[in-house]
Every structure is written in C-alpha cells, then in structure tokens.
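Notes for the one structure printed next.
The values are calculated or read from the model by the stated rules, or taken from the named source; none is laboratory data. Since the model is a prediction, treat every value here as computed from it, not as a measurement. Cβ atoms come from the backbone with ideal geometry, glycine included; neighbour counts cover every protein chain shown.
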Amino acid sequence: MAVESPVFYYDVGSPWSWLAAERINGVLDVVPVWQPVHLATPADIDREEVEEAALAQGLPAPRWPDAFPFDSELVMRAATFAKQTGRTVAFSLAAMRQAFAAGRDLSVLDNVLIAAAACELHPRAVIAGIETRSVTDALEAANAAARSAGVVAVPALLMDGRVVEVPPPAAYG
C-alpha cells in the first residue's frame, strides 16, 4: 500500500508560512507536496515574535511590507500557476523572500513578477496564467480541499490523514 506524501499548506502572505517554508523540506523524512491556499493573514501578527523566530532560524530579520498584511490573492494565483508549471517551491520561496526579506507588497503585480523572474517564469506567462479561469478554479479547489481536510490556519501539514499545525520555527529550531 502506497503511503501518501505529506501536504504543506501555505499562504505566501503569512510570515509564519515563510519561516516554515524555509525549513520544511529539511525537517521531514520526505519532501512534502507544496499546496498554495489563500487564507487571510490575521492583522494581529506579533511582528517581534516573527523577527525573533527568523533570527533563531538564521534568517535575516524581516523587512515588513508597508501594507501588511497585504491581500495575497494575486500572489497565491501566481503560486497556483507556478504549481501547474512545476515551479511551486522555487516561486513560493522567491515570493516569500520578496515579501519578508525585501519588504515588498505582493498584492502589487510588479512585485509578484520579480519573484516569478527569480525562478525563470516569464512575466507574460505569469500574467496570462493568473488571469485564467483554470488557475482561479484550481486555487478555489485547493482552498476547499484544505478546509475539508481540517486546515483552518497556515502553515499546516497534512500527514497520515490529520492536520498538524506547523509550530513557529523557534519551537523546532
């Protein structure tokens, strides 16, 4: 009987997703399936806690986008498009680094395209992709599947049929 791969649910707009994403492939025995979902980032993120966790993880202190939290729908459609092209991890990490290491608002298309360029996704392909009904439908289906699996916040990991909230990086650093 085949064992299902774990699924890593994340939203690029979540700084906790960024910190988890920087480590997730190295802390599990198998590489999880990266599944972009669009879940609103709470406005009450404890920035100091995120900054301490980033430093404990050996990452630079976050540079917060001026508009934070930003609406991540656009960038999550781009992440969904990247998944369809086989560049989910590369694009998602590049986007999260643009948001939290460079302080760019990823509700702005030009900033999303910077992340896309970092993983060799052509800007015109990204623009066309994020405007397609198939990408929007795929993101909506992923959101519904995540909710159905019990995901209520990101980052989260679906392992062995149950959702495990991914703790802040300081908790497993």
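Per-residue answers, yes or no, for (1) within 17 Å of TRP16 (Cβ to Cβ); (2) free of Cβ contacts under 8 Å to residues at least 24 places away in the same chain; (3) in contact with a helix residue (DSSP H, G or I) (Cβ under 8 Å, 6 or more places away or on another chain):
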site	(1), (2), (3)
ASP71	no, no, no
THR88	no, no, yes
PHE91	no, no, yes
GLN98	yes, yes, yes
PRO123	no, yes, yes
### Summary
Picking from MET96, MET76, the residue that is buried (at least 16 other Cβ atoms within 10 Å of the Cβ), within 26 Å of ASP137 (Cα to Cα), touching an Asp or Glu at 6+ places or on another chain (Cβ under 7 Å) and not acidic (Asp, Glu) would be MET76
### Query
Among the candidates ALA138, ALA128, ALA102, ALA153, which residue alone is modelled with pLDDT under 95 and of a type in the set (Gly, Ala, Ser)?
ALA153
#### Entry: Number of the condition not met by TRP34 [criteria: (1) surrounded by fewer than 22 Cβ atoms within 10 Å (Cβ to Cβ); (2) part of a helix (DSSP H, G or I); (3) not polar (S, T, N, Q)]
(2)
### Message
Can you say whether SER14 is among the hydroxyl-bearing types (Ser, Thr, Tyr) and more than 19 Å from ALA94 (Cα to Cα), as far as the supplied structure shows?
### Response
no
### Conditions (1) over 23 Å from VAL166 (Cβ atoms); (2) touching a residue at least 40 places away in the same chain (Cβ under 8 Å); number of the one not met by VAL112
(2)
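So that you can scan it fast, the table gives a plain yes or no per residue for (1) part of a helix (DSSP H, G or I); (2) at pLDDT below 95; (3) in contact with a helix residue (DSSP H, G or I) (Cβ under 9 Å, 6 or more places away or on another chain); (4) closer than 20 Å to VAL164 by Cβ:
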| site | (1), (2), (3), (4) |
| --- | --- |
| SER5 | no, yes, no, yes |
| TYR9 | no, no, yes, yes |
| GLY13 | no, no, yes, no |
| ASP29 | no, yes, no, yes |
| HIS38 | no, no, yes, no |
| PRO42 | no, yes, no, yes |
| ILE45 | no, yes, yes, no |
| ALA53 | yes, yes, yes, yes |
#### Entry: Residue match in the stretch 101-113 (condition: over 19 Å from GLY129 (Cβ atoms), surrounded by 22 or more Cβ atoms within 10 Å (Cβ to Cβ) and within 12 Å of the chain's Cα centre (by Cα))
no
